[in-house]
1. Sorting Cys114, Cys333 on the 10 Å Cβ count, fewest up front, what's the list?
2. Of Lys288, Lys150, how do they rank once you tally other Cβ atoms within 10 Å and put the fewest first?
3. Could you calculate the contour length gain from Thr342 to Arg212, that is, 0.36 nm times the residue separation minus the distance between their Cα atoms, to one decimal place in nm?
4. Given an 8 Å cut-off on Cα distances and at least 6 residues of separation, report the relative contact order of the chain as a percent.
5. All other residues with a Cβ under 10 Å from the Cβ of Ser163 taken together, and with Lys, Arg as +1 and Asp, Glu as -1, what is their net charge?
6. So what is the 222 nm mean residue ellipticity for the chain from helices alone, if each DSSP H run of at least 4 adds -39500 (n - 2.57) and you divide by all residues, rounding to the nearest 500 deg cm²/dmol?
7. What is the count of Lys pairs in the range 41-191 whose alpha carbons sit under 16 Å apart, if the two are 8 or more places apart or on different chains?
8. For helix 316-327, what angle does its Cα long axis make with the longest principal axis of the chain, in degrees from 0 to 90 and rounded to 10?
Amino acid sequence: MNALQLISSEGYFGAENMVVQLCRALRDLGCHSYAGVFQNLHRPNLDIVEQARRQGVSVQLFKCRGRIDIKTILAIRRFILQNDIHAVHTHGYKSNVYGYLATRGLATSLVATCHLWTRQSQRVRLYDFLDRRLLRLFPKVVGVSQAITKDLRSIGIDPLRISLVSNGIDFEQIQAGEPVLRREVPQGAVVVGTVCRLTEQKGLIYLLHAFRAILARHPQAHLLIVGEGRDRAVLQQFVATHGLENDVTFAGLRRDMPNVYASIDIFVLPSIDEGLPIALLEALSFGKPSIGTRVGDVPKLILDGTTGLLVESRDAAALAAAVVRLMENAELCKQLGEAGRTYVRENYSAESMARRYLRLYANSNDKGEGKLALNEEHEQTTNC
């Protein structure tokens with residue numbers, strides 16, 4: 001059986017990472033899955049292509065001139081027919097539009113995953129609004145967190161069409177890294193790190209405010225920010241204004257994630273909105289003592305005081321206090337790191353995620369129902 005994962009890449013972040021992980025896990029379960037990536041002529045972001053190919057995932061590029069490109073729709077439709085694609089799985093507004101139009105009239109299963117509506121700009125809010133209307137037409141819609149499935153119900157999607165499938169990661173890909181980023185920070189520094197898009201949603205401005213308080217108590221602390229995004233200039237301006245240039249490193253996009261996590265002592269994700277973040281799953285799987293905010297399904301990953309520490313979003317003082325607490329308690333760091341690693345490995349595997357999606361592919365519309373029969377009796381998809 002064959003599946004096509006459609007995604008409009010903005011780099012290599014959580015959703016893109018999830019698609020690559022899913023393709024690999026589906027392949028191991030006997031479903032060959034292609035990563036279908038839009039090659040935007042005006043803004044080509046193809047980091048996912050390189051990452052997918054490095055991990056043995058088949059990639060298909062679809063040239064796209066923006067807006068609604070009829071040639072792109074026809075190209076996707078042609079690819080579906082020529083490669084005997086049984087299921088098209090879309091990720092994000094643009095992919096939803098093209099996936100829906102390309103499969104019209106075909107006996108192809110259609111599934112959409114909603115990772116998060118970020119509402120981060122007027123244009124994005126318009127796309128989010130249009131996406132909500134379009135998703136009502138999909139036979140199966142997935143939310144990666146309880147909060148997202150609640151949003152899906154609130155916009156009028158039939159609850160019987162909604163499923164919750166948590167993100168998962170391939171733990172066989174987790175390998176020891178080298179702390180190469182420590183070369184870019186002062187010797188002997190305690191590295192507080194985060195990995196995310198540099199957007200308002202991730203709450204980095206609150207982490208920067210918190211870090212000023214952290215430095216007042218522990219001058220040896222250093223903040224490492226890994227990722228790119230539209231707010232980089234704003235964040236760098238804050239750093240310059242407050243004289244933090246020697247205390248904060250913007251490392252940009254990195255492809256050597258084992259090395260990134262090996263360079264971090266304490267992981268922090270200060271988001272103000274989330275689904276189920278891949279970066280936090282990765283940090284926990286690497287055994288990093290982690291701090292997160294009570295948003296989305298983060299509290300499902302971080303059991304406060306057991307697998308990590310939780311604070312309220314937008315609370316810089318609480319964030320600073322949590323980081324200081326870990327900096328001053330090596331034994332707690334060790335306990336949280338070990339417990340977090342064990343917890344995510346037992347509950348958030350890519351294989352489990354892939355099995356649940358396979359069931360949805362098998363039953364995502366009347367025309368495709370029963371086409372992808374499975375012989376798995378356990379791991380039921382959670383209907384909402």
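1. Ordered by Cβ neighbours within 10 Å, fewest first: Cys333, Cys114.
2. Lys150, Lys288
3. Extending this stretch completely gives an extra 43.5 nm.
4. 17 percent
5. It works out to a net charge of +4.
6. -12000 deg cm²/dmol
7. For the range 41-191, qualifying lysine pairs total 4.
8. Roughly 70 degrees, rounded to the nearest 10.
FYI, it's all coordinate maths here, none of it is from the lab. This one's a predicted model, so the numbers in the text were calculated from it and none came from an experiment. Quick reminder, even Gly has a Cβ in these numbers, built from the backbone with ideal geometry, and neighbours come from all protein chains shown.
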